[in-house]
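The values are calculated or read from the model by the stated rules, or taken from the named source; none is laboratory data. Here the structure is a predicted model, which is why all the values come from computation and not from measurement. Positions of Cβ are backbone-derived with ideal geometry, glycine not excepted, and every protein chain shown enters the neighbour counts. Only protein heavy atoms, including side chains, enter the accessible area calculation; ligands, DNA and RNA are left aside. Shrake-Rupley method; radii C 1.70, N 1.55, O 1.52, S 1.80 Å.
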Amino acid sequence: MLRIIIAALLMLAGLFVLGVATIGIFRFSTMLNRIHIAAKCDTLGALLVLSSLIVLSGMTIFSLKLLLVIIFLWLSNPVSSHLVARAEVKTNPDLNKICDFMRFDEQGNLIKLNIKTDDEVSAS
Amino acid sequence: MFEEFKNLWRRFYNWTVGNGPRPENEVIPPEPPPDLPFTRRLELKRSRFQERPLASRYNEWLERKSLHVFSMLYLGMSILTCLLFMALLLSTVAELPSFGDANNPVNNEVIKRYIERGGQETGAQNIVAGMILDYRAFDTFGESAVLFTAAISVLMLLGAVRRADTEEISIDLNNASDGILRRGPPSLNLKITTGFTPRIHMFRKNDAILRGVAVLSIPAIILLGLTVIINGHLSPGGGFSGGAILSVALMLCANAYGFEQVHAFFDEHVFIRFSSLALMIYAVLKGWSFFSGANHIESGIPTGTIGEILSGGLILPLNICVGLIVAGTLYGFYALFSEGEI
């Protein structure tokens, strides 16, 4: 009984996070905001849902497979989102109109800080 | 009518008064469009009335009409060929057993035989692998050959541009084709650079995050691909899916570490050699199996006990061959379209 309650709580939390991700994808307008919410919430939501399934099935070989699925998702999902965001930053020339930029040199020192005020953002 | 009378009356009145016809009142008829230039008309007229040898008339006819006649002939022949093939195929279809008949062999004998005796005859636990690589291995051979041919043609098309990077063009000005003698240097050698310069993917090279994940995941992906290929006759999977997984490992390696690192062990020559070797091994092994089976002689291929790794007769080596071809071809397409070469 306790196991089912824990699993249900985890499942509900995961569904809540995934629902937030779905709303956020439609709420935000720029690509970087969308990739932010999609990557973070998908990763956490998948973790919560799969861990609730692990709690439900107990110590079996099935939960080991689910654990491997979690590891794979946590490896692949952030990396793919990172690559998509990186491609966007490298290829979009109008990106500095909609968000702030920090440029670093090769030693990691801050060269240029380009922060927009809210008025400028809303004007553009 | 009234306008014309008015015009005529005005002209008569002007004539009687003595003003003469006014040029702005004259209606100038539009000039008819010239149908042919004068010299051409003259030439046609002359050629029509002169007696000429048959050869020159034939040549002239060829010059004017041959393309038209050829295109009409081509159209007619193609329509005729299509009709012939349609008639042939339809007459063959008419002789086939009707679709959905309960007495057709597909509906009772074939499935029954596959399920009941597939394990004994092919030695494969996975009935699907037994079907596609034993009963219907010829079909799978055709699929692998299609993949290989597609990759080779793309390699030819995209690789030809790279090979002709620089070409020398020499023009001899004194011996030009129009026969006019010119003063100047006797010949001119030009070195023209065509083709692409190799693309440099700057942002791929120093991505620490992708490299860290690639180090962790590439061995796992390769292991999974090999498992899927080798267990093709025991579990779901086989050459095609395992080869696709292996090619994913190659693509990840190329993305994380650059295409130069993949070139160290996999390039155009390795791809062509391995694919041709795999296709040839497939053809020879399966050809022997079909030949012996059709002539009712012992093929000498042991099927082994069902469920072990070394069982299933030819299915394991054929899976390995198909896996090699698919892995090389998929990675080859990726490399060709993103980099221009394998």
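One table, with the values for the structure above:
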| quantity | calculated |
| --- | --- |
| Computed [θ] at 222 nm, helices only, for chain A once each DSSP H run of length n ≥ 4 contributes -39500 (n - 2.57) | -26000 deg cm²/dmol |
| Size of the B/A contact, given as accessible area buried on both chains, probe 1.4 Å, in Å² | 700 Å² |
| Separation in nanometres of the label points that stand 7 Å from Cα toward Cβ, at A:Leu83 and B:Ser292 | 4.6 nm |
| Chain-alone versus full-assembly comparison, the stretch A:60-90, residues with accessible loss of at least 50 Å² (1.4 Å probe) | A:Leu75, A:Val79, A:Arg86 |
| Mean Cβ neighbour count within 10 Å, used as a protection proxy, ranking B:121-132, B:281-292 highest first | B:121-132, B:281-292 |
| Label-to-label distance, nm, for residues given as A:Leu12 and B:Met77 (7 Å Cα→Cβ offset) | 7.9 nm |
| Computed lengthening from A:Leu110 to A:Ile4, 0.36 nm per intervening residue step minus Cα-Cα distance | 33.0 nm |
| Dmax and Rg, reported as Rg then Dmax, of the stretch B:283-342 (C-alpha, Å) | 16.9, 51 |
| Net lengthening on full extension, B:Ala208/B:Ser276 (0.36 nm per residue, minus Cα-Cα) | 20.8 nm |
| Quotient of C-alpha Rg and 2.2 N^0.38 Å, computed over chain A | 1.42 |
| Estimated FRET transfer efficiency when R0 is 51 angstrom, pair A:Ile61-A:Lys97 (beta carbons, to 0.05) | 0.45 |
| Between helix A:61-91 and chain A: long-axis angle, C-alpha atoms, 0 to 90°, nearest 10 | 10 degrees |
| Rg/Rg_globular for the stretch B:102-161, with Rg_globular taken as 2.2 N^0.38 Å and Rg from C-alpha atoms | 1.70 |
| Highest to lowest packing among B:219-231, A:44-56, B:93-105, scored as the average C-beta count within 10 Å | A:44-56, B:219-231, B:93-105 |
| Heavy-atom accessible area per residue - the stretch A:1-106, 1.4 Å, Å² | 67 Å² |
| Contour excess over end-to-end distance, with Cα ends at B:Phe337 and B:Leu88 and 0.36 nm allotted per residue | 85.6 nm |
